[in-house]
Structures are given as structure tokens and as C-alpha cells.
1. Label points 7 Å out from Cα along the Cβ direction at residue 29 and residue 54: separation in nm?
2. Would you please name the trypsin sites (Lys or Arg not before Pro) within the chain that are DSSP coil residues with at most 10 other C-beta atoms within 10 Å of their C-beta?
3. With each label point set 7 Å from Cα along the Cα-Cβ vector, what nm distance links residue 18 and residue 3?
4. In µm²/s, what is D for the chain at 4 °C and 1.567 mPa s, where D = kT/(6 pi eta Rh) by Stokes-Einstein and Rh is the Kirkwood radius from Cα pairs?
5. Count the net charge of all other residues whose Cβ sits under 12 Å from the Cβ of residue 55, scoring Lys and Arg as +1 and Asp and Glu as -1.
6. For residue 38, what charge total do you get from the other residues with a beta carbon under 15 Å from its beta carbon, if Lys and Arg give +1 and Asp and Glu give -1?
Amino acid sequence: MLDAAGVPIPRYTLADSTPITTDNLDATATWEATSTLPTGNGPIRLRFHLSAGDLYAYAIT
């Protein structure tokens, strides 16, 4: 995850993430420290890193 300026948010970086290696509609993104979204003032940006895969949709619930 990135802040509005495109800077990675600490604890929510690619290095902190747990890879999703399954093909299903119910996969939950998690990070080493948490599975909740960061709190703060302002928008966040999402960056997806794919290796031999396709992303068709995502949802934040």
C-alpha cells in the first residue's frame, strides 16, 4: 500500500506482505503484522505485484 504521494506505508510494503498463491474469489491480503487496513487521514493507493498471473477484480470490505 502507498500513501497519496505514492510512498510505501510502513508495515504494508511488498516485503511485509504474505503472497496469495491460490486461484479463488475469497483470498484475503495480509501482511506480517496485520490483516487490517491502515488508519490515518487521507487516501491510500494500491499496487499489485503479479508473477505469471492475472488480476481481474478486487474488493475492499
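What follows is calculated from the coordinates using simple rules that are stated; it is not laboratory data. Just so you know, these numbers come straight off a predicted model, no measurement behind them. Virtual Cβ from ideal backbone geometry, glycine too; neighbours counted across all protein chains shown.
1. Roughly 2.1 nm, to one decimal.
2. 47
3. In this crude spin-label approximation the distance works out to 2.7 nm.
4. Rounded, D is 102 µm²/s.
5. The answer is -1.
6. In short, 0.
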